[in-house]
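Worksheet: one structure, shown below.
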Amino acid sequence: MNQEVDPNRIVIFDTTLRDGEQCPGASMNLREKLEVARQLTRLGVDVIEAGFPISSVGDFEAVQAIAREIQGPIIAGLARCIDKDIDRAAEAIEGNPRPRIHAFLATSEIHRQFKLRMARPEIIRRAVAGVERARSYVSDVEFSPEDASRTEPEFLAEVVQAVIDAGATTVNIPDTVGYALPSKFGDLIKYLFDHVNGIERAIISVHCHNDLGLAVANSLAAIEAGARQVECTINGLGERAGNASLEEIAMAIKTRHDHFTVHTDIKTEEIVRTSKLVSHLTGMVVQRNKAIVGQNAFAHEAGIHQDGLLKERSTYEIIDPASVGWTQTELVLGKHSGRHAFRARLEHLGYQLDEEEIQKAFIQFKALADKKKLIYDEDLIALAEHGMSEIPETYTLDYLSATSGAGVVPTATVRLKKSNADLQQDAACGDGPVDAALNTIERITGVEGRLVEYSIRSVTMGKDALGEVSLKARFAGNDRLIPGKAASTDIIEASAKAYLHAINRFLYEAEHPIRQPKDQAATGTTP
Ligand code: KIV
Ligand code: ZN
């Protein structure tokens with residue numbers, strides 16, 4: 001096995017920034033991706049898959065920025081087995097002390113026949129050529145036979161053999177469509193160990209999707225069968241039903257150390273913080289009863305459970321909540337706190353804001369402290385994230401008044417400030433006060449959209465809690481779901497600001513389009 005030190009160490013390969021970000025509506029800007037990469041480093045992941053550099057200029061720039069700044073974990077860039085993909089990935093990760101190129105090519109009959117129109121020998125030829133080209137740039141090369149779990153095992157073994165002989169140092173076995181069952185997937189990994197000569201020269205990895213809700217179970221079965229790298233995402237983020245959840249895998253291994261002989265280097269106390277950061281930045285709300293990181297994961301309602309817990313925690317809790325980073329919501333700052341304490345607390349929470357952003361967030365903090373006596377960490381996170389947005393604020397909310405009630409036609413008056421322009425004011429009616437405010441914003445900006453998702457949650461407890469609105473909208477002439485988010489003690493104001501946030505992003509992206517390579521569909525889709 002190609003693991004220098006410990007054969008029982010599981011390499012945690014995080015793909016939140018690549019496969020996770022492929023989840024519709026979860027896209028992050030460069031600044032946000034860097035923030036996530038820094039937090040993943042604190043969490044102790046071994047590999048950060050930072051993106052798919054050929055897929056867009058934005059992805060390339062994000063991978064490059066991460067490779068230039070992040071030290072510690074391996075930084076991987078994804079590429080199809082196509083020369084220009086591999087060259088672009090190599091260019092993006094250049095300069096990082098631990099660069100990896102992750103090349104992939106589908107191998108299953110269904111993909112060979114319908115997507116690639118390639119026979120088996122051609123697949124092997126291209127896979128080998130891709131690995132060799134990647135090896136001409138870096139010594140750390142991973143190869144993934146896409147849709148491996150639906151590939152004929154003997155052909156899969158042939159591919160794995162060929163890419164290891166060509167120099168792949170990690171071979172990843174993806175369950176691309178989440179079709180595998182734990183015992184069968186474990187058997188497939190064992191089959192590879194039994195049928196590939198020299199398999200110990202590479203680390204065998206797995207990458208499981210959650211279409212049947214089995215991604216974590218399949219990953220654990222593969223570990224039992226000898227896999228030593230797992231690919232996963234924070235909160236199980238990812239396309240369709242998502243990827244295997246990093247926190248669930250790490251905690252299953254740690255909690256059931258009586259069963260597993262393996263371990264990870266994940267600093268589990270960073271799990272909740274990482275989960276919250278990813279959820280805030282992507283707008284993907286974590287379901288309340290999600291294992292480990294859901295709000296209810298450690299909430300005990302039944303009297304009999306509460307009684308047991310008070311007598312002995314282990315009666316009903318298999319994990320100490322503090323060990324994954326759940327702390328009592330901390331009261332941190334108040335009206336009289338200064339900039340210094342404000343900045344220090346944000347840094348403690350993992351946010352590195354520049355001077356201008358600190359200033360902007362601090363002004364909002366003071367305004368919030370006037371309305372709300374107690375300021376909690378979650379309030380600060382909401383402020384920091386708003387202050388961190390990279391999208392220029394073409395429009396900002398200057399004034400909002402909304403009326404509604406029984407027998408009243410909901411109406412809103414809105415005044416917006418357009419950058420380098422005068423204030424513009426208008427009024428409109430709607431089904432309710434939020435609808436009225438959003439309609440008025442559309443009249444002023446001339447941007448028409450359709451709200452596809454809208455959710456509101458209370459950031460902390462108490463009647464004066466900040467309400468955080470997360471929404472996704474589709475604007476005329478653009479298919480993409482654009483996210484918007486804002487927080488305020490007034491939920492109509494939070495809704496209006498979240499909608500403006502999405503409009504500003506839409507206007508910015510209209511001027512800075514995400515360019516896709518022309519032939520992406522011809523030689524295989526995005527993974
Ligand atoms: O799901 C998949 O097959 C992938 C590969 C690129 C690893 O994401
Ligand atoms: Zn995937």
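Rg and Dmax, both from the Cα atoms of the range 213-267 and both in Å, are 10.8, 33. Principal axis extents of the Cα atoms in the range 5-71, from largest to smallest and rounded to whole angstrom, are 38, 24, 20.
Against the compact-protein benchmark of 2.2 N^0.38 Å, the Cα-based radius of gyration of the range 11-282 scales to 0.92. Computed over neighbours whose Cβ is under 12 Å from that of Thr394, the net charge equals 0, Lys and Arg +1, Asp and Glu -1.
Tally Lys and Arg at +1 and Asp and Glu at -1 over the other residues with C-beta under 14 Å from the C-beta of Gln71: what net charge comes out? Can you show the working numbers first?
On the way: positive: Arg38, Arg42, Arg68, Arg98; negative: Asp46, Glu69.
Result for the neighbourhood of Gln71: +2.
Backbone phi angles across the range 160-174, fed through the Karplus curve with coefficients 6.51, -1.76 and 1.60 (θ = phi - 60°), yield HN-Hα couplings of 4, 4, 5, 6, 5, 4, 7, x, 5, 9, 9, 10, 9, 10, x Hz in residue order; Gly and Pro are listed as x.
Take the eigenvalues of the Cα gyration tensor for the range 331-387, scale each by 5, and report the square roots as semi-axes in whole Å, largest first. If you can, show how the numbers build up before the last one.
On the way: eigenvalues 49, 27, 21 Å².
Rounded to whole Å, the semi-axes are 16, 12, 10.
Here the calculated FRET efficiency for Asp187 and Glu269, from their Cβ-Cβ distance with R0 = 45 Å, stands at 0.80, rounded to the nearest 0.05. In nm, give the distance between the simple-model label positions of Leu30 and Glu69, each being 7 Å from the Cα along the Cα-to-Cβ direction. If labels sit at Leu30 and Glu69, their model points lie 1.0 nm apart. Between the beta carbons of Ala427 and Arg457, assuming R0 = 22 Å, the FRET efficiency works out to 0.15 to the nearest 0.05. The simple spin-label model puts a point 7 Å past each Cα toward its Cβ; for Ala322 and Asp479 those points are separated by 5.2 nm.
Placing one equal scatterer on every Cα of the range 395-511 and applying the Debye formula, the log10 ratio I(q)/I(0) at q = 0.10, 0.12, 0.13, 0.19 Å⁻¹ is -0.28, -0.41, -0.48, -1.00.
A Förster radius of 35 Å combined with the Cβ-Cβ distance from Phe298 to Thr261 puts the calculated FRET efficiency at roughly 0.80.
On alpha-carbon atoms, Rg over Rh for the range 157-255 using Kirkwood Rh?
On the way: Rg = 13.1 Å, Rh = 13.4 Å.
Rg/Rh: 0.98.
Measure nothing fancy, just the Cα-based angle from helix 377-388's long axis to the longest principal axis of the chain, in degrees from 0 to 90, nearest 10. Approximately 80 degrees, to the nearest ten. Label positions at Glu61 and Asp307, each projected 7 Å from the Cα along the C-beta direction, are separated by 6.1 nm.
Summarised as an ellipsoid, the range 1-142 has semi-axes of 25, 19, 15 Å, derived from the eigenvalues of the Cα gyration tensor scaled by 5 and square-rooted, with the largest first.
Please arrange Ile441, Ile358, Ile253, Ile318 by how many other C-beta atoms lie within 10 Å of their C-beta, fewest to most.
Working: Ile441 25, Ile358 19, Ile253 22, Ile318 9.
Ranking Ile441, Ile358, Ile253, Ile318 by Cβ neighbours within 10 Å, fewest first, gives Ile318, Ile358, Ile253, Ile441.
Please report, in cubic angstrom per residue, the volume enclosed by the convex hull of the alpha-carbon atoms of the chain.
On the way: hull volume 88.1 nm³, N = 527.
That works out to 167 Å³ per residue.
If Lys and Arg each add +1 and Asp and Glu each add -1, what is the summed charge of the other residues whose beta carbon sits under 11 Å from the beta carbon of Phe13?
Numbers: positive: Arg18, Arg100, Arg228; negative: Asp14, Asp19, Asp46, Glu49, Glu142, Glu231.
With Lys, Arg at +1 and Asp, Glu at -1, the net is -3.
In the range 243-339 the Cα-Cα distances spread across 5 Å bins starting at 0 as 2, 11, 18, 20, 18, 14, 9, 4, 2, 1, 0 percent of all pairs.
Throughout, read-outs are computed from the coordinates displayed, never taken from laboratory work. Since we're looking at a predicted model, the values are computed, not measured. Methodologically, a virtual Cβ is constructed for each residue, glycine included, from the backbone with ideal geometry; neighbour enumeration extends over all protein chains shown.
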